[in-house]
Amino acid sequence: MDKAETITKKSKHGESWIFGRIYSTWLLPLYFKGLRRELKISDLCKSPNSDESELLADKLEKNWNIELKKSNPSFARASVKTFGLYLLPTFILFLFEECVLRNVQALMLARVIHFFANPIDEDYLYASLSAATVVGASFFYVLCHHPACYLAVRVAIKARVSWCTLMYRKALRLNHSAFGHTTIGQILNLMSNDVSRLDEFCIIGSYMIVAPIQTCIGMYICYLYLGPVCFIGLGILFLFIPSNSFTGRIFLKLRTKVATLSDTRIRVINEIIKGMRVIKMYAWEKHFSALISEARRQEMAKIRNATFLRALNISISVVSGRIILFAIFITYVVQGNTLNADKVFVVMSVINTVRLTMTWMFPNSIALLSELSVSCQRVQTFLMLDEIESTDSNKSGKPNKYLKTNVPVSGSKLAISVNNLSVKWDPNHVQPSLNDITVSLKQGELLAVIGSVGSGKSTFLMSLMNEIDILNGTININGRIAYASQEPWSFNGSVLQNIMFGKEFDSIKYKNVIDVCAMKRDIKLFPFGERTLVGERGVALSGGQKARITLARALYNDADIYLLDDPLSAVDSEFIKKASKILVLKEGKQYACGTYDELTDAGIDLISLIQKPDKPTDGRPTFERQTSVSSQLSISRNRTLSIISAQSEVWNNQTKKVDNRMVMFHSIKQISVDIDADFDPVVDEEDKGKGSISGRIYVQYVKAGSGTFLMIAMLLSTFISQFMFHFTDVWLSNWTNEEDSMEHSKPTDESTNTMIYSSLIIGQFVAMIIRSATFFTMCIYASVNLHNRIFYCLMRAPISFFDANPTGRILNRFTKDIGIIDEQLPLAAYDLNLVIGTIIVVALSQWYLIFPALIMVAMILIVRAAYIKTARELKRFEGMARSPIYNQMTLTLNGLATIRAFEAQSLFIDQYYHYQNDHTATYFMCFASSRLLGLCMDIICIAYISCVAIFLMIFYQGIPSGTAGLALSMALGLTGMTQWGVRQSAEVENHMTSVERVIEYSNLEPEAELESLYKFPKNWPETGSVKFERVYLTYANCPEPVLKNLTFDIRGGEKIGVVGRTGAGKSSILAALFRMVEIQGKISIDGVDCSVIGLHELRKKMSIIPQEPMAFIGTLRKNLDPFDDHDDEQIWSALEEVQLKNAVLEMPGQLDYVLSEGGGNLSVGQRQLICLARALLRRNKILVLDEATANVDHRTDALIQRTIRHNFSQCTVITIAHRLNTIIDSDRVLVLDAGRVIQYDTPYNLLQVHSGIFYHLVQQTGKQMAAKLTAAATDSNNNVRGIKM
C-alpha cells in the first residue's frame, strides 16, 4: 500500500512562539499566499506532533483497557481520564473572563454613566479612567477568550482523533459475529457525526460550572443597584433552567433515535453503492429508492422535532434577557422608583451577560453533554463488540482453544492439528456450523476439502484463521498463513502493491509468481504494467485478473501454510488423487477423512462429488463446473503442485517449481467484467470546487427550502424582529433620559411608558418565534429536497460513475455533508447577527460616531474577504481529506479475513494513521483560521469601542446619560457579536461547500430514461431473438472501443456460449445488452431496437445470474421478490427448485429471515442460488448467465441444469463462459478476440477448424481435458442431428 502522506510540509505551529500558537498568527503567511493565488495541497502543513493519531490512540487505549478490567467499564470515564486535565486551562480562562472581567466592566460602566448624569469637572479624570477600564476589560477579555477556545478545540481534536483511531483498531480485531450487531454504515456514522459533538462540547462545556458562578456574582451587582427587585429576574431566570433541562432530556432521546435512523440510512446506501451493478441489471432502483425514502422520512421526522425544539430554545434565549429586564424594570417603576441611566445600563449589561451564559451556554452545554453521552455510549457499544480470540495462551491464564505460532515445523511434527472442532457463526443458531471435526497435516501435505453447498468448507478455513468462535475442541497452527479468498479482494493500489502486500520487493520471486499465476499476458494488457492502479473493489480488472492477483498475493507472501478458497476451477479427479488427505463435509459434520484410496475402499464415491457425468441428458448446455463448491486447499511448505490452465498461453503440461516453499497454480477462473487493454484504470482524484461559492449554489439551496410565501414570511419576520430588538433599547434609553431630566420635577404617570415597553417586548417575542419557525422550516425542506435530489441522481447515474469513484467518496456526501446540511448549516445561518443594526443605533446617539463606524465596517469587510478566500479552500481540502478515512474503513472491513490472515494489520493501521493525520492537519488549519478571524474582528471592535469612549469623553457636555449608556453598552456588545457574526457568515460559506458538493452530485449525467412511450408488440419479447448490428462499445476515459463492429444474431430459444481470453470483450457484450454502457450501432430483441425503449422496459425482460452473487440486508423474501409480485407458494417453489427450501425452513423466520450486510450470513454458494431463484421467479424469455454455477457443487449443479432446462427450454440462454466445459454443448459458440467476432458456429464445427482460436483454447486444457471436451461436443452434435432426423 502507498503509505505516503499527502501533506508533507513540517508543522508551522510547532515552530512558532507561544503568542503565535495561541492566537494562530502562524497562519498569516498562508493567508497572504491565498490572496495571491489558489491554494494547493503542497501549501498545507502538518498538524502538531502532539496530535499524531498513533500517540493519542495509545493514551486513550491504555485507559480504556484499565476500564475493561472493571465490572462496569465506561468509555466516557476513560476519555475524561485521558483528556480531562487538558480542559483545566480552558476552564480557568473562561472563569476569569466571565466572572471577573465582565463584572468589572459593568461596574466601571456604571461610573461612566453616572458621570454623564452629573457631569462635574472634578470627576472627569476618574470617569475617563473608568472608561479606559471598560475598554481595557474588553481587550483583556479578547486576550483570554481566544486562547481558551484554542485550547478547548485542541482537546476536542485530540479526543476525536483518538476515538476514530481506536475504532479503526477495534475494526481490525472484530469477530465475524460482531457484524450481526453493527454495519459498515453505522461505523462510518460514528466516525463522522457522533465524534463531531466533541468540538462543540469542549468549547462550551465549561459553562456548566462557569454560568452559575457568574449568575451569582451578577445578581449581587444588580442587588446593589436595584435592591430585592432583582430577585424577580433571578426567579424568571431559574424558570428557564428546568425547561432547558427538560428539553435537554428530549434532545437526548431524539439524538439517540436520529443516530440509529442515520445508521440505517447510511447502511442501506452503502449496500446500494456496492451492489449498484446488480441493482441496475435487475431494475430494482425503485425498490431501493423506496427504502431510502422511508429511512430518510423517519430520520427527518426526528430531526424536524429536534430542530423546532432548538428554534424555540433559541427564541426564548434571545428574548429571555428582555423578558427578565422587563419584569425587573416594570416592578421597580411600579414600586415608585425612578429608572436612572446608570441603574438601567448596568443591570442591562449584567443581565445580557447572564442571559447569554445561563439561557444559551448553560442549557446548550447540558444538551451537548446529553448528546455526547449518547455518542460515548454508541462508541463504547462498538468497542465492546466481540473480538477474535488472542493466540497467546498465557494471556488469559489458561490455554486457548486456538493456538498459532509463526515458527514452521520440521520432520514428522504437525503443521496443522484440529481436534474435535465445533464452531458456530451465529450464536442464535441452535446447530453449530461445524461439529466434531478432527484432522491433522504434516509439513508438505495437501488437504482437499470437499462438500455440498453450505456444508461448512469456507467455515473450516475461517476457523483455521481464527475468524470464528470455537465452541469445543482445539486448533494448533505452526507456521505463517497465506490466504486466497473465494471472493477476490483488492485495495486501491497498484497491481504490484496488491501482490507484494507490504512485503519487500524481490524481483526473482515476483517474476516466478507472475509466471505460475499466468499473469504475463495480464501485465502486458495493463496500460501501465504492474504499476496500473486496480481501483477500489478492483474496478479496473476483469474477474479473472482479480482472482489471479489474489492467488499471486498468497504465493508471494512466502508462507508456510496456504489456505486457498476455491482457487482452481478446472481440476479433475487426478487432483483429488494427488491430495495427501481428503476431508469430506456434509451438513457441517465430518462425513469422512483420509487418503483417496482409504475413502474409495470405504465405498465413498469421491469422483461423483467433483465430476459430472460424461454425457449430458440432452443437447442443452449443462452449465457444468469441474470442482466442488469452494474446493478448499490447505497446503503446507515444501509441497509442489502444478495444475495447467486451460486458458494459459504461458504454461505447458509440466510441473514447475518457484522455490522450496511455493505452490504453483494456474487459475482459469474469470469473473465479472472484461476491461479493454487500453483502458486507463487510474482512479481520478476527487474534484475540488474552485473560487468563491457561486451565487447559484445559494439560490439552489433557498429554492430547495422555500416557496414564495415562506421566503417572504421569513424575511419580514427577520427584519421586524431585528428592528424591534434594537428599538427596544433605543426607547428604553429615551425613557431614562426623560426620567433624568424630570428628576427634580413632580412625578409623571408611568403607565404609558409601561404599556409601550410591554408591547415592544411582546411583539419582539412573537416576531422571533415566527422568524425561527419559518427559517428552520425552510432549512428542513432544503435538507430533505437536497438529499432526495442527490439520491435520485445517484440512482440514475451510469455504472461508470460507481466504478470511477470509491465508496467512501460517495458516502462522504451522505454522511458528513448531509449531516452538516441537516444540523450545522441552519444553526450557523441563524446565528448571523445583523451587526449593521447595532452600528446604526450607536451612530444615532451621536452623529460623529458614524465615521469610526464606517471605518470599522470597511476593515471588517476587508479582513473577511481575505479570510474567506483562504478558509474556503481549507474547508474544501478538509472535505477531501475525510473521504480516504471512510474509504480505508470500508476497504478494511471488506477484506478483514485476508488482512488478518497475512498479519497485515500494522500495514493498514499505518495507512490509516497517515489519512487521519492529513485530515487532522486540514481540520486544525480550518479551526486556526477561524480563530485568527475572530481575533482580528475583536481587535477592530475594540478599536471602535475606544473611539466611541474617547469621543464621548471629549464631547461629554450635553450628552444625556441614557444616550451615553446606550452608545457604550451597544458598542461593548459588538466585541463578541461582530466576530461571531462575521465568523458565522464565513462558517455559512464554509458549510455551503457541503451544499456545493451535494449539488455537484445532483448534476450527474443520468442514464437513458427508465420508461418510454414505445408501443410494444403483445407479449414482447415472444421468441427472445437477439441481433447485434455493427456494435461499437467504448468505456468512459477509454480511447479505443472495447467492442468493434460486432455483428451476429441469436435465434429465439437458442443456447449460446461466449468465450475469449481476458480482455476479449465477453462481459462487455453483457454490458451492451443491458445498456450498462451506451453503444454505437444497433441491438434489437425480437425486432425492437433496444436504444428506443426505456432501461427498465429492457432490463425487466431479461434475467441475469451474475458470477459475483449479491444479497442485500433485509428479509430473504425481499431479496427474492422486492416488489411483492409473487405469492409465498411461488417463492417456495423457486427455492425448492434451487435446492434451498430445506435450508430456509431451518432459518429463524424462514422467508422473513433477515440477511446481514452483503448477505454475510449465507455462504457464497447459497447467495448464488438466491440469484438463480430470482431468475426463476422472473421467468423471462432471455436468460444471461455469467458462470452462474461457479459456486455450487456438481450434484447441485446437475439439479440446477435440470431446473434450467425445464423452466427455460423455450428461452434464449446466453452464457458468458470462463471455462470451456460450461459451453461445450451449446447450440453455438461465439468466439471473441480484441472485441471482434472471430468465430461463430457449433462447438463441433469450431473444433474442426484446427487453426481457429476455439480449437487452440481446447487444446491448451491438456490432452485429457481436451479429449473430454471434444467428446462432449461430438455427442452434443450427434444429439442435435438425431433430433433433426
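The values are calculated or read from the model by the stated rules, or taken from the named source; none is laboratory data. Computed from a predicted structure; not experimentally measured. All Cβ positions, even for glycine, are placed from backbone atoms using ideal geometry, and neighbour counts span all protein chains on display. These accessible areas exclude ligands, DNA and RNA; they are computed on the full protein's heavy atoms, side chains included. Shrake-Rupley method; radii C 1.70, N 1.55, O 1.52, S 1.80 Å.
Descriptive notes on the structure:
- Scan of segment 256-277 for residues that are open to solvent by 20 Å² or more (accessible area, probe 1.4 Å) and more than 11 Å from the chain's Cα centre (by Cα), ordered by number: Thr256, Lys257, Thr260, Leu261, Thr264, Lys274, Arg277
- Phe308, sole failed condition from (1) of a type in the set (Phe, Trp, Tyr); (2) buried (at least 18 other Cβ atoms within 10 Å of the Cβ); (3) in contact with a helix residue (DSSP H, G or I) (Cβ under 7 Å, 6 or more places away or on another chain): (2)
- Checked against the criterion of being buried (at least 21 other Cβ atoms within 10 Å of the Cβ), touching a residue at least 40 places away in the same chain (Cβ under 8 Å) and not in a helix (DSSP H, G or I), segment 888-903 has at least one qualifying residue.
- Candidate set: segment 904-933, residues that are under 26 Å from Gly479 (Cα atoms) and among the small types (Gly, Ala, Ser); chosen: the one least open to solvent (accessible area, probe 1.4 Å): Ala904
- Given (1) touching a helix residue (DSSP H, G or I) at 6+ places or on another chain (Cβ under 7 Å); (2) over 26 Å from Met992 (Cβ atoms); (3) of a type in the set (Ser, Thr, Tyr), number of the condition Thr898 does not satisfy: (1)
- Some residue of segment 1188-1197 being modelled with pLDDT under 75, open to solvent by less than 30 Å² (accessible area, probe 1.4 Å), closer than 30 Å to Cys1038 by Cβ and among the aliphatic types (A, V, I, L, M): yes
- For segment 324-341, the criterion of being surrounded by 24 or more Cβ atoms within 10 Å (Cβ to Cβ), part of a helix (DSSP H, G or I) and not hydrophobic (A, V, I, L, M, F, W, C) is satisfied by no residue at all.
So that you can scan it fast, the table gives a plain yes or no per residue for (1) hydrophobic (A, V, I, L, M, F, W, C); (2) more than 30 Å from Met953 (Cα to Cα); (3) under 37 Å from the mean Cα position of the chain (by Cα):
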{"residue": "Ser53", "(1), (2), (3)": "no, yes, yes"}
{"residue": "Lys59", "(1), (2), (3)": "no, yes, yes"}
{"residue": "Trp64", "(1), (2), (3)": "yes, yes, yes"}
{"residue": "Lys69", "(1), (2), (3)": "no, yes, yes"}
{"residue": "Ser74", "(1), (2), (3)": "no, yes, yes"}
{"residue": "Leu87", "(1), (2), (3)": "yes, yes, yes"}
{"residue": "Glu98", "(1), (2), (3)": "no, no, no"}
{"residue": "Asn103", "(1), (2), (3)": "no, no, no"}
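- Subset of segment 1088-1108 that is modelled with pLDDT under 85 and open to solvent by 10 Å² or more (accessible area, probe 1.4 Å) - its residue that is farthest from Thr1215 (Cα to Cα): Glu1108
Yes/no matrix, rows are residues, columns are (1) surrounded by 24 or more Cβ atoms within 10 Å (Cβ to Cβ); (2) under 52 Å from the mean Cα position of the chain (by Cα); (3) closer than 16 Å to His146 by Cβ; (4) modelled with pLDDT of 80 or more:
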residue	(1), (2), (3), (4)
Leu935	no, yes, yes, yes
Ile940	no, yes, yes, yes
Ile954	no, no, no, yes
Pro960	no, no, no, yes
Met977	no, yes, yes, no
Ser985	no, yes, no, no
Met992	yes, yes, no, yes
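- Qualifying helices (runs of 4 or more DSSP H) (wholly inside segment 1084-1182; at least 2 residues being of a type outside the set (S, T, N, Q) and in contact (Cβ under 8 Å) with a residue 60 or more places away in the chain): 1095-1099, 1164-1178
- Scan of segment 1219-1275 for residues that are among the aliphatic types (A, V, I, L, M) and not in a helix (DSSP H, G or I), ordered by number: Ile1223, Ile1224, Val1229, Leu1230, Val1231, Leu1232, Ala1234, Val1237, Ile1238, Val1249
- Criterion (within 30 Å of Met384 (Cβ to Cβ), surrounded by fewer than 18 Cβ atoms within 10 Å (Cβ to Cβ) and among the aliphatic types (A, V, I, L, M)) met by exactly one of Leu60, Leu68, Leu56, Leu87: Leu68
- Per-region count, segment 23-59, residues at pLDDT below 85 and of a type in the set (Val, Ile, Thr): 1
- Residue count for segment 497-529, restricted to those that are in a helix (DSSP H, G or I), open to solvent by 40 Å² or more (accessible area, probe 1.4 Å) and closer than 23 Å to Pro884 by Cα: 1
- Number of the condition not met by Ser1133 [criteria: (1) within 27 Å of Gly1160 (Cα to Cα); (2) small (Gly, Ala, Ser); (3) open to solvent by less than 10 Å² (accessible area, probe 1.4 Å)]: (3)
- Here Phe201 does not fit the description of being of a type in the set (A, V, I, L, M, F, W, C), farther than 27 Å from Cys144 by Cβ and part of a helix (DSSP H, G or I).
- Positions within segment 807-865 being open to solvent by 40 Å² or more (accessible area, probe 1.4 Å) and modelled with pLDDT under 75, in sequence order: Leu832, Asn833, Leu834, Ile836, Ile840, Leu844, Trp847
- Residues that are out of contact with any Lys or Arg (no Cβ under 8 Å at 6 or more places or on another chain), free of Cβ contacts under 8 Å to residues at least 40 places away in the same chain and either surrounded by fewer than 21 Cβ atoms within 10 Å (Cβ to Cβ) or not aliphatic (A, V, I, L, M) (or both) do not occur anywhere in segment 1065-1082.
- Out of Thr708, Thr754, Thr728, sole residue that is more than 37 Å from the chain's Cα centre (by Cα) and modelled with pLDDT under 80: Thr754
- Selection status of Ala211, in contact with a Phe, Trp or Tyr (Cβ under 9 Å, 6 or more places away or on another chain) and among the small types (Gly, Ala, Ser): yes
For every residue, the table says whether it meets (1) more than 18 Å from Tyr913 (Cα to Cα); (2) in contact (Cβ under 8 Å) with a residue 60 or more places away in the chain; (3) assigned to a helix (DSSP H, G or I); (4) out of contact with any Ser or Thr (no Cβ under 9 Å at 6 or more places or on another chain).
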position	(1), (2), (3), (4)
Ser130	yes, no, yes, yes
Val134	yes, yes, yes, yes
Leu143	yes, no, yes, yes
Leu190	no, yes, yes, no
Asn193	yes, yes, yes, no
